[in-house]
Structure formats: structure tokens, C-alpha cells
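What follows is a short report on a single structure.
The values are calculated or read from the model by the stated rules, or taken from the named source; none is laboratory data. Quantities reported herein were computed from a predicted structural model and do not represent experimental measurements. Every residue, glycine among them, receives a Cβ derived from its backbone with ideal geometry; neighbour counts consider all protein chains shown.
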């Protein structure tokens, strides 16, 4: 992130970690990207950011899928003004899908996101991983171990399971994925509910009432 100053402080450093594995088809992937972009453009989000002590947050977008497929699609962005939010929204809406066949490596995605947060070149009051997906970890099977490693570093993990009718996925996220201070799960019934769900989730993460 150009112009970064180690003395700069944000209310929240947030990694949006989005599942783009083979269970997510190209249309569903684009719905997720456009849903995040729409949430960033919502007036309530800018109001929530402005209400914080530092009046800004930092956000990066990570795409993850198989065991060796975790990448930064949009690098750290400082979000304070409407122009900042629009620039981030445009970058996310146009993000290229980078993925690998071979499963849903949720634990490795958590480790990757935690490493990004450990290396931020600015100060953050809170550090949060916002992980979304439509399935359990079927690569390592140790999502809870990755969660515990992140929580030990003072990181909070929140979950957005896309349930597709499964009552078990939110339970999996609650018991094995989320952790840390004020951690929560915000399920989406299906991919078409993603936009409204991610907006509610972002507002909760920033620390202000949902719409």
C-alpha cells in the first residue's frame, strides 16, 4: 500500500477472505464480488467508519481455494472517504478469480490471512478476518487449530457461511471457525443473499448497528 506510515492508526484492519473453490461457479464468484462492492458503496458503511475514533479502517481482499491457492486480490486499502470506498469497491468488483482445484482449504486460508495481519505496516485497534465459504475444510480438517493460532495473536475471526439449505454449516463455523473477541457468524441462506449479509456483517465488524 503506497504511502503507508507505521505511525498511522486505523480502527479496524480487516481481511475479507472469500472462498472461490470449485464449489463456487463463476456466476457465484461474481455475485460475491459485486455484493462486497455494493456493501462498500452503501452510505451506512461510510457513516459507520466515520463514527470510529480514527475515522478510518483498512481492508484487503484474499481469495482462497485449494491447499496452495491463497492470494491477495486487492491489497490493503485505507477507507475513510467516499472516494476511498468507491475505489475499493471498483477494485473488488473487477477482481480476477485466482483459484486451484483440489478442495476447500479453510484452515490454510485462516493462516494466510493471519500472516497478512501480523505484517501490517500500520497500527490497528482491532484485527479481524472475515471468512466466507460454502463448505467445511476438506483439505486439512483442522480449521479449529488455525483459528486457535490466529486468536492467540489477538485476531478475531468472523464467519459468513453460505448455507445453501444446510443447517450444519453455520454450526461448523460457530464451533470450528470463528473465535476471538466478539466473534460471530452471519449466515447467508444462498448466494443471492450474500450482498445483504455482507453489509450487515461489515457494519457489525466496524462496530455499529446493522441496517
Limited to the stretch 171-184, what total is found for residues that are crowded, with 18+ Cβ neighbours inside 10 Å, closer than 16 Å to residue 134 by Cα and without any contact (Cβ under 8 Å) to a residue 60 or more places away in the chain? 4
Surrounded by 15 or more Cβ atoms within 10 Å (Cβ to Cβ) and under 23 Å from residue 25 (Cβ atoms), is that true of residue 104? yes
Residue satisfying condition, being under 14 Å from the mean Cα position of the chain (by Cα), over 16 Å from residue 178 (Cβ atoms) and either part of a helix (DSSP H, G or I) or at pLDDT 95 or above (or both), within set 73, 90: 73
Collect the residues in the stretch 140-157 that are outside any helix (DSSP H, G or I) and either surrounded by 15 or more Cβ atoms within 10 Å (Cβ to Cβ) or touching a strand residue (DSSP E or B) at 6+ places or on another chain (Cβ under 9 Å) (or both), keeping them in residue-number order. 140, 142, 153, 154, 155, 156, 157
Of the listed residues (120, 129), the one being within 20 Å of residue 158 (Cα to Cα) and either surrounded by 21 or more Cβ atoms within 10 Å (Cβ to Cβ) or over 16 Å from the mean Cα position of the chain (by Cα) (or both) is 129
So residue 172 clears everything in (1) more than 19 Å from residue 59 (Cα to Cα); (2) touching a helix residue (DSSP H, G or I) at 6+ places or on another chain (Cβ under 9 Å); (3) modelled with pLDDT under 95 except one condition, right? Which one? (3)
Unique match (being in contact (Cβ under 8 Å) with a residue 60 or more places away in the chain, more than 16 Å from residue 127 (Cα to Cα) and not in a loop (DSSP other than H, G, I, E, B)) among 205, 195: 195
Filter result (outside any helix (DSSP H, G or I) and free of Cβ contacts under 8 Å to residues at least 40 places away in the same chain) within the stretch 103-128: 119
Taking the stretch 28-56 and keeping only residues that are in a helix (DSSP H, G or I), surrounded by fewer than 21 Cβ atoms within 10 Å (Cβ to Cβ) and touching a helix residue (DSSP H, G or I) at 6+ places or on another chain (Cβ under 8 Å), one is left with 28, 31, 34, 38, 41, 44, 46
Hits in the stretch 14-51 - residues which are at pLDDT 95 or above and in contact with a strand residue (DSSP E or B) (Cβ under 7 Å, 6 or more places away or on another chain): 14, 15, 16, 17, 18, 36, 49
For residue 211, all conditions in the list (1) touching a helix residue (DSSP H, G or I) at 6+ places or on another chain (Cβ under 9 Å); (2) loosely packed, with under 15 Cβ neighbours inside 10 Å; (3) modelled with pLDDT of 95 or more hold save one; what is the number of the exception? (3)
